[in-house]
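The values are calculated or read from the model by the stated rules, or taken from the named source; none is laboratory data. All values reported here derive from a predicted model rather than from experimental measurement. Cβ coordinates were reconstructed from backbone atoms using ideal geometry, including for glycine residues, and neighbour counts include every protein chain displayed. The area values use the complete protein model at the heavy-atom level, side chains included, leaving out ligands, DNA and RNA. Shrake-Rupley method; radii C 1.70, N 1.55, O 1.52, S 1.80 Å.
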Amino acid sequence: MNEPLRVAIVGSGPAAFYAAEHLLKRPETQVDMIERLPTPYGLVRGGVAPDHPKIKSVTAIYEKIAAQPGFRFFGNLEYGRHLSRADLEAHFHALLYATGAQTDRRLDLPGEDLPGSHSATEFVGWYNGHPDFRHRAFDLSCESVAIVGMGNVALDVARILCLTPRELRETDMADDAIEALSRSAVKDVYLIGRRGVVQAAFTTNEVRELGELEGADVIVSPAEAEVDAASAEEFAAGRISLKTKVEIVQGFARRAPAGRPRRLHMRFRLSPLELTEDARGKVALVRLARNELVRGPDGSVRAQATGEVEELRAGLVFRSVGYRGVPLPELPFDPRAGVIPNERGRMCDPQAGSALRGHYVSGWIKRGPTGVIGNNKADSVETANSLIEDAARGALLSPARPDPAAFEALVRERQPRVVTFEDWRRLDALEIERGRPQGRPRVKFTSVEEMLAALVRT
Ligand code: NAP
């Protein structure tokens, strides 16, 4: 191929940037990144907890990638709305989708849709000022909140509910969320895991942090923190990180509460059965099945109901049982796994049973919603290598209009309010400037209109 290799990347989260970084190492390569929002960085901006600013500092790496020759950003531009698959195929040799997992898994239980029962995804989007979730409201006038799930997202939600007004004011959390959480009446936050401490999905640093909260005591019953008979083998064979995690939780169980204003309860071996309402039709109670753990024929440890039932009063319930990928227009999708079928990042057409020429995936839409930000690097390098190999053997698309100017002209015709990386840098500087007088990292713009208006003014 004599002309430059032109790749469109849809999405601008970690997986998208790591793919761009690897592709741009190849000489004569150009990457155009397409993002639905005016702002880049996906879950680093809209998902990472606001009290974890160090994790967010990974964006410095993405800025360097964006500054490389051959990189362009087109924000406020949506695949499937402004651009079709045919539009992209006409302008690029390869298309790489890194759109993440944009919705959440459901529990499929009676009462799940009652007012006061929400997904963690909505709450996380709201406190992070994501434009899609800025108008959500959460009734924080109740005293007790239940969070179903024991992963890092569940821990984020629990921790955020326990932050003191001072801690909240130091973050880049959306102003409305700071205001609402500062006035919260919540006293008891319950994390509910269906299996035991050995199987809990959270990671070591995240669980340790719960014990360092200024405004909440962590409460764990010694019996629930125990390593049960079914888990003994998994525990003994586990890595040091597993042992540390279990020790941390068992340490919480030995602690006497220090009388902090809130209590964060970690409950194990309980599965929700149903959510019931009060006289106003709002969620009021979660019925929970007590589980015992049993080893399946494959050695895995699963929860089995004992027949014992427990009731937990909760005026607010969050399900935090994992994210879920959504189908993209005109592309294959595996609805069971919630991913785009692929082999080493090469998109597969399940009907034809073969790879879809010139189409690639990386990140959560490729492998499912697992792993931390850094895991996306190896994942995207694998995909980028598949793409580069295919380029070497001439197995990519043959676009009719590979000229970068032709694509930009099409974009400006379809979406005159497209946002460039230079525009984003201006928005970024404005947000940081707004945060300075308050001693906060930034004050985010939370609506697309607000962002576009700010760009017009500056
Ligand atoms: P996750 O780690 O997959 O955890 C999901 C939790 O939901 C597990 O405890 C799971 O229990 C439970 N669950 C699933 N279905 C259930 C059901 N029907 N009833 C009751 N419980 C159920 O998902 P996540 O917390 O959404 O996190 C997604 C990814 O982002 C993870 O890789 C996570 O580490 C990462 N993340 C990292 C950070 C960080 O590094 N600080 C922060 C946030 C997210 P079982 O184990 O029994 O299935």
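Expressed as a whole percent, the accessible surface of the chain that belongs to carbon and sulfur atoms is 51, based on a 1.4 Å probe. Once the 1.4 Å probe is applied to the protein heavy atoms, the chain comes out at 43 Å² accessible per residue.
Between Glu78 and Val456, the distance separating the two model label sites (each 7 Å from Cα on the Cα→Cβ line) works out to 2.0 nm.
Per q in 0.22 Å⁻¹, report the Debye log10 I(q)/I(0) for region 332-458, using one uniform scatterer on each alpha carbon and no solvent. Per q value, in the given order, log10 I(q)/I(0) is -1.12. With R₀ fixed at 45 Å, the C-beta to C-beta distance from Ala405 to Asp176 puts the FRET efficiency at about 0.60. Computed about the Cα centre, the dipole magnitude for region 211-315 is approximately 320 debye when only Lys and Arg (+1) and Asp and Glu (-1) carry charge, each at its Cβ. Our coupling estimate for region 295-307, obtained by passing each phi through the Karplus curve with A = 6.51, B = -1.76, C = 1.60 and θ = phi - 60°, is 8, x, x, 8, x, 6, 9, 10, 8, 9, 5, 8, x Hz, Gly and Pro reported as x. A protection proxy built from the mean count of other Cβ atoms within 10 Å ranks the segments 314-325, 133-144, most packed first, as 314-325, 133-144.
Annotation: peptides 285-292, 239-246, ranked by per-residue average of other Cβ atoms within 10 Å with the highest first, follow the order 285-292, 239-246. For region 22-174, the relative contact order is 26 percent, taking Cα pairs closer than 8 Å that sit 6 or more residues apart in sequence and dividing their mean separation by the residue count. Spread over its residues, the convex hull of the C-alpha atoms of region 134-212 is 106 Å³ per residue.
Working note: Karplus 6.51/-1.76/1.60 with θ = phi - 60° gives region 134-144 the couplings 5, 8, 5, 10, 10, 7, 9, 8, 7, 9, 10 Hz, where Gly and Pro are set to x. Just to verify a number: FRET efficiency for Arg254 and Asp139, C-beta to C-beta distance, R0 = 41 Å, to 0.05? Here the calculated transfer efficiency is 0.75.
Placing Leu312, Leu43 in order of accessible area, with the largest value first and a 1.4 Å probe, yields Leu43, Leu312.
Would you mind computing Rg(Cα) / (2.2 N^0.38 Å) for region 69-173, counting N as its residues?
Working: Rg = 18.8 Å, N = 105, 2.2 N^0.38 = 12.9 Å.
Expressed relative to 2.2 N^0.38 Å, the Cα Rg reads 1.46.
With respect to the chain, whose longest principal axis is taken over its alpha-carbon atoms, helix 421-435 is tilted by about 30°.
A protection proxy built from the mean count of other Cβ atoms within 10 Å ranks the segments 225-232, 358-365, most packed first, as 358-365, 225-232. Going toward the positive end of the dipole of the chain, with +1 on Lys and Arg Cβ and -1 on Asp and Glu Cβ, which of Gly307, Asn385, Cys348 do you reach last? Final value for the positive-end residue is Asn385. Any idea how far the Cα center of region 170-192 sits from the one of region 354-389, in Å? Here the two parts' Cα centres lie 35 Å apart. Between amide H atoms placed 1.01 Å from N, distances below 5 Å from Leu109 occur with no residue 5 or more places distant or on a separate chain. Using the structure shown, list the pairs from Lys25/Lys56; Lys64/Lys377; Lys282/Lys444; Lys366/Lys444; Lys187/Lys243; Lys64/Lys245 with a Cα-Cα distance above 27 Å, or answer none. Flagged as over cut-off: Lys282/Lys444; Lys366/Lys444; Lys187/Lys243; Lys64/Lys245.
Taken one residue at a time, the phi angles of region 58-65 give Karplus couplings (6.51, -1.76, 1.60, θ = phi - 60°) of 4, 5, 4, 5, 5, 4, 5, 4 Hz. Gly and Pro are set to x.
Amide H contacts under 5 Å for Glu277: Ala284, restricted to partners 5 or more places along the chain or on a different chain, H placed in the peptide plane at 1.01 Å from N.
Using a simple spin-label model with pseudo-atoms 7 Å out from Cα toward Cβ, Asp132 and Thr204 lie 3.4 nm apart. Sorted largest first, the principal axis extents computed over the alpha-carbon atoms of the chain equal 69, 57, 42 Å. Starting from the amide H of Asn342, placed 1.01 Å from N in the peptide plane, find each other amide H under 5 Å away whose residue is 5 or more places distant or on another chain. Correct list: Cys348. For helix 240-254, report the angle its Cα long axis makes with the longest principal axis of the Cα atoms of the chain; keep it between 0 and 90° and round to the nearest 10°. Approximately 40 degrees, to the nearest ten.
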